[in-house]
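Chemist: Here's a structure for you.
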Amino acid sequence: MAEPVRGSGRADPVRGSGWADPGRERRAPLGVWATYTMIAGMWIRSTLAYRASFVMMLIGNFLVTAFDFVVIVLMFSQVRSLGGYSFAEVAFLYGTSTTAFGLANALLGSIDKLGARVRDGTLDALLVRPAPVLAQVAADRFGLQRLGRLLQGLLVLAGSLAALDVHWTVAKVLLVPVTLLSGTGIFCAVFVVGAAFQFWAQDAAEVQSAFTYGGQTLLQYPPTVFAKDMVRGVTYILPLAFVNWLPALYILGRPYPLDLPTWLAFAPPLVAAVCLVLSGRAWRVGLRSYRSTGS
């Protein structure tokens, strides 16, 4: 078969498709994790280039988040218990919720800036790149100083574990790391759903913070200090109770609110998996609905 003559107007279907053109190199789309680590690594290297500034920001973040625990310490300087819970038990709730949230915030904290990107149209630049948009948004301006919250939560958790008067079993010991990882997954799902909502609301960062930062603050305290309707809401609607309340109450040997079965202490991994799947679907629906700024 004769080769098409250059300039004759006859198109070469192989070269025209681009995939077999030896003069062009086709780039395969990056995966979610590869994209995330590449962008986050870039910001980490940029942050560590000014180490003194990074250390000061890390210490500042540590101290600012520590004020929440200072409030609890001041409360217990006036009372012996809070909602029937001792200082060590409340510290355990604080440590588990802050550690799980601190890890989720370190991984996905930048995603709450999505509303600003939607409003000013800078999200469009991310859509044309051969990489997942969610990974780009989450890793953009990765804040290494956010580890201050995580470190502070781990310190309180370690202190509470040393002070607790609990009969430790194998199940309870294993439940501690499972609780932290599952809680991180649930908080990550809340971050993603909140970001997906901003595709429509465009200026809902405060609403998202109410469920992320507000939810973390809620879980620092025992469920007995809240109204039953509040406890029902964070159990059946937005399952924040599975972040630390339900597994922590099993570890502490405390009665469950709302007469819930004790086996729910081992349900957080399943709840986290379901939440992550649903948040992924919410993100895809929100992304498909995006229509740019029109400018």
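Chemist: Answer yes or no as to whether residue 207 is under 30 Å from residue 121 (Cβ atoms) and either at pLDDT below 95 or among the polar types (S, T, N, Q) (or both).
Modeler: So residue 207 passes the test.
Chemist: Does residue 270 qualify as being hydrophobic (A, V, I, L, M, F, W, C), in a helix (DSSP H, G or I) and either under 25 Å from residue 132 (Cα atoms) or at pLDDT below 95 (or both)?
Modeler: no
Chemist: Inside the stretch 252-267, can you point out the residues that are buried (at least 18 other Cβ atoms within 10 Å of the Cβ) and within 18 Å of residue 161 (Cβ to Cβ)?
Modeler: Answer for the stretch 252-267, where residues must be buried (at least 18 other Cβ atoms within 10 Å of the Cβ) and within 18 Å of residue 161 (Cβ to Cβ): 252, 265.
Chemist: Then there's this: What helices (runs of 4 or more DSSP H) lie completely within the stretch 196-253 and have 3 or more residues being out of contact with any Pro (no Cβ under 6 Å at 6 or more places or on another chain) and closer than 22 Å to residue 278 by Cα?
Modeler: 205-218
Chemist: From the residues in the stretch 71-106 that are touching a Gly at 6+ places or on another chain (Cβ under 9 Å) and of a type in the set (A, V, I, L, M), which one is surrounded by the most Cβ atoms within 10 Å (Cβ to Cβ)?
Modeler: 100
Chemist: To continue, here is another question. Among the candidates 88, 135, which residue alone is closer than 26 Å to residue 190 by Cβ, touching a helix residue (DSSP H, G or I) at 6+ places or on another chain (Cβ under 8 Å) and in contact (Cβ under 8 Å) with a residue 60 or more places away in the chain?
Modeler: Selected residue: 135, the only one of 88, 135 that is closer than 26 Å to residue 190 by Cβ, touching a helix residue (DSSP H, G or I) at 6+ places or on another chain (Cβ under 8 Å) and in contact (Cβ under 8 Å) with a residue 60 or more places away in the chain.
Chemist: Between residues in the stretch 31-59 that are in contact (Cβ under 8 Å) with a residue 40 or more places away in the chain and residues that are polar (S, T, N, Q) and outside any loop (DSSP other than H, G, I, E, B), which pairs lie under 7 Å by C-beta distance while being six or more apart or on different chains?
Modeler: Once the first residue is in contact (Cβ under 8 Å) with a residue 40 or more places away in the chain and sits in the stretch 31-59, its partners that are polar (S, T, N, Q) and outside any loop (DSSP other than H, G, I, E, B) give 35/136; 39/136; 54/47; 54/145; 57/145; 58/145.
Chemist: If residue 221 satisfies every condition in (1) within 14 Å of the chain's Cα centre (by Cα); (2) surrounded by fewer than 23 Cβ atoms within 10 Å (Cβ to Cβ); (3) of a type outside the set (A, V, I, L, M, F, W, C) but one, which is the exception?
Modeler: (1)
Chemist: Out of the stretch 254-267, which residues are assigned to a helix (DSSP H, G or I), under 13 Å from residue 223 (Cα atoms) and either among the acidic types (Asp, Glu) or modelled with pLDDT of 90 or more (or both)?
Modeler: Hit for the stretch 254-267 is 259, nothing else.
Chemist: Further question on the same structure: Give, as residue ranges, the helices (runs of 4 or more DSSP H) completely inside the stretch 44-143 that count at least 2 residues that are closer than 18 Å to residue 214 by Cβ, out of contact with any Leu (no Cβ under 8 Å at 6 or more places or on another chain) and modelled with pLDDT under 90.
Modeler: Per the criteria, 51-76.
Chemist: Next question, about the same structure. Is there a residue in the stretch 231-251 that is exposed (fewer than 14 other Cβ atoms within 10 Å of the Cβ) and modelled with pLDDT under 90?
Modeler: no
Chemist: Then there is this: From 153, 109, grab the single residue that is closer than 24 Å to residue 266 by Cα and either surrounded by 16 or more Cβ atoms within 10 Å (Cβ to Cβ) or within 22 Å of the chain's Cα centre (by Cα) (or both).
Modeler: The conditions single out 153.
Chemist: Give the residues of the stretch 167-190 that are more than 17 Å from the chain's Cα centre (by Cα) and surrounded by 14 or more Cβ atoms within 10 Å (Cβ to Cβ), sorted by residue number.
Modeler: 172, 175, 176 - these are the residues of the stretch 167-190 that are more than 17 Å from the chain's Cα centre (by Cα) and surrounded by 14 or more Cβ atoms within 10 Å (Cβ to Cβ).
Chemist: For the stretch 141-156, state whether one or more residues are farther than 30 Å from residue 49 by Cβ and in contact (Cβ under 8 Å) with a residue 40 or more places away in the chain.
Modeler: yes
The values are calculated or read from the model by the stated rules, or taken from the named source; none is laboratory data. On a predicted model such as this, the values are computed, not experimentally measured, just so you know. Neighbour counts run over all protein chains shown; Cβ positions are idealised from the backbone, glycine included.
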